[in-house]
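*Asks:* Here it is: the structure, laid out below.
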Amino acid sequence: MDDEVKISGFKDLYQFFMTVKARKCSFYISFGDAADQTLADYRLQEVVYKTAKMKRPSNSDVTLVLEPLSQPDFTAIIETKDDLRVEFFHDSRVHYFDIQVGFVNSCEYGLGFSAKLPDTVSVKQHRDLLNLPATLDEKINMSIGGQNVDVIDVSGGGASVLIPQANLYDVEVGKAIKHIEIKIDGFQAKASAEVRHMRAHANGLKLVVGLRFIFFGRNDEDDLLHLVKQKSASLSRKEAMSS
């Protein structure tokens, strides 16, 4: 499933980043290797536009300044000329862009950095239109920080889970939950996730939390989508045969 280029061109890109800055979107950057990656959340602090007179505006005239939102629980190393992929959640879809680090600076919660305006902002295709209910598949397992959680359903892009009400102050819409492990049949992956929505469960003891996965493995998202489609089709066939 190919992603699509959502925004390109200087004017549209500049206006877009001004909008996400005003909305205080969280930006997510992965650190580490494929076996042990973790996530840090950043915020776009400034969009600096400087252009020379009598010169047509270009992407190199705009500098994005990003700083961490909180102190990460690991050492985030960023160096000049590093290539980074930045993901964020906007208008109910996953957007991302690739940049090269310009300047690196120390700030309150670690290392901030600047980069020029990217060439494009891409958006991932909808991967959560098809949900696999956990009540119909006992092989769906998920843990957060090593603790198992009750899963309501899983899609190619995320999941709905039940989290104890006692964890209310650890969960916030738009922020990341880290150290997630997903196991479904032979599929196994580590991920972080952004909290899309939350509400109290009917019994008052737990929270229903909607998650949007941020995978570390290159093919994890497509592999999970394929598995959800495959298992959903199998369940549909069984229901048709029993009716």
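*Asks:* Given the options Gln230, Val209, Val121, identify the residue whose Cα lies farthest towards the positive end of the charge dipole of the chain (+1 on Cβ of Lys, Arg; -1 on Cβ of Asp, Glu).
*Replies:* Val121
*Asks:* Name the shape class, rounded, prolate or oblate, that the alpha-carbon gyration tensor gives for the chain, where a ≥ b ≥ c are the square roots of its eigenvalues, rounded holds for a/c under 1.5, and otherwise prolate holds if a/b is larger than b/c and oblate otherwise. Intermediate results must be reported in sequence, preceding the final value.
*Replies:* Values: a/c = 2.23, a/b = 1.75, b/c = 1.28.
Judged from the Cα gyration tensor, the chain comes out prolate (a/c at least 1.5, a/b above b/c).
*Asks:* A follow-up question, please. Using Cβ counts within 10 Å as a stand-in for footprinting exposure, how do Lys53, Lys124 rank, fewest first?
*Replies:* Ordered by Cβ neighbours within 10 Å, fewest first: Lys53, Lys124.
*Asks:* Mind pulling the angle between the C-alpha long axis of helix 10-22 and the longest principal axis of the chain? Nearest 10 degrees, somewhere in 0 to 90.
*Replies:* The answer is roughly 60 degrees.
*Asks:* Please work out whether region 67-207 counts as rounded, prolate or oblate from its C-alpha gyration tensor, where a ≥ b ≥ c are the square roots of the eigenvalues and a/c under 1.5 means rounded, while otherwise a/b larger than b/c means prolate and anything else oblate? Provide the component values of the computation, followed by the final result.
*Replies:* Details: a/c = 2.18, a/b = 1.68, b/c = 1.29.
It comes out prolate by the Cα gyration axes.
*Asks:* Where does the charge balance sit around Ser106 when Lys and Arg score +1, Asp and Glu -1, over other residues with C-beta under 14 Å from its C-beta?
*Replies:* My count for the surroundings of Ser106 gives -3.
*Asks:* Next up: As I understand it, the value is the acute angle between the Cα axis of helix 220-242 and the longest principal axis of the Cα atoms of the chain; what does it come to in degrees, rounded to 10?
*Replies:* Rounded to the nearest ten degrees, it is 30.
*Asks:* In whole Hz, with x marking every Gly and Pro, tabulate ³J(HN,Hα) for region 178-193 from phi via Karplus 6.51 cos²θ - 1.76 cosθ + 1.60, θ = phi - 60°.
*Replies:* Values, residue by residue: 10, 6, 9, 10, 10, 9, 9, 6, x, 7, 8, 8, 9, 7, 10, 8 Hz.
*Asks:* Same structure again: Let me check against my output: what whole-number percent is the relative contact order of the chain, with C-alpha pairs under 8 Å and at least 6 apart?
*Replies:* Normalised by residue count, the contact order of the chain is 16 percent.
*Asks:* Would you calculate the volume per residue, in Å³, of the smallest convex hull containing every Cα atom of region 4-123?
*Replies:* Hull volume normalised by residue count: 114 Å³.
*Asks:* Then there's this: In nm, to one decimal, how far is the modelled label at Val123 from the one at Ser58, with both set 7 Å along Cα→Cβ?
*Replies:* 2.9 nm
*Asks:* Around Asp61, what is the net charge, scoring Lys/Arg as +1 and Asp/Glu as -1 over all other residues with Cβ under 11 Å from its Cβ? Show your work: numbers first, answer last.
*Replies:* On the way: positive: Lys50, Lys55, Arg56, Lys116; negative: none.
Cβ neighbours under 11 Å give a net charge of +4.
*Asks:* Continuing with this model, one more query. Rounded to the nearest 500, what is the 222 nm mean residue ellipticity of the chain from helices alone, with -39500 (n - 2.57) per DSSP H run of 4+ residues and division by all residues?
*Replies:* Details: 2 runs with 36 residues, N = 243.
Counting only the DSSP helices, I get -5000 deg cm²/dmol.
*Asks:* While we're here: Straight-line reach from Lys175: which lysines have Cα under 21 Å away, leaving out those fewer than 8 places along the same chain?
*Replies:* Lys21, Lys24, Lys124, Lys190, Lys206
*Asks:* If you don't mind, there's one more thing I want to ask. Could you check the spin-label model distance between Asp150 and Glu181? Points 7 Å from the Cα along Cα→Cβ, value in nm.
*Replies:* 2.2 nm
*Asks:* Just check region 132-242 against the gyration tensor rule for me: Cα atoms, a ≥ b ≥ c as the square roots of the eigenvalues, rounded for a/c under 1.5, and otherwise prolate or oblate depending on whether a/b exceeds b/c. Can you show the working numbers first?
*Replies:* Numbers: a/c = 2.16, a/b = 1.36, b/c = 1.59.
Since a/c reaches 1.5 but b/c is at least a/b, the shape of region 132-242 is classed as oblate.
*Asks:* Using a cut-off of 12 Å between beta-carbons, work out the net charge of the residues near Arg23 (Lys and Arg +1, Asp and Glu -1, Arg23 not included).
*Replies:* Numbers: positive: Lys21, Lys24, Arg43; negative: Asp91.
Summing Lys and Arg as +1 and Asp and Glu as -1 gives +2.
*Asks:* If I stretch the segment between Ala22 and Arg218 completely, what's the gain in nm (0.36 nm per residue apart, minus their alpha carbon distance), one decimal? Intermediate values should be presented prior to the final figure.
*Replies:* Numbers: separation 196, 0.36 × 196 = 70.56 nm, distance 3.09 nm.
So the extension gain works out to 67.5 nm.
Where a number appears in this text, it was derived from the coordinates with a stated rule and is not lab data. No experiment lies behind these values; they were computed from the predicted model shown. Because the Cβ atoms are built from the backbone with ideal geometry, glycine has one as well, and the counts that use them run over all protein chains shown.
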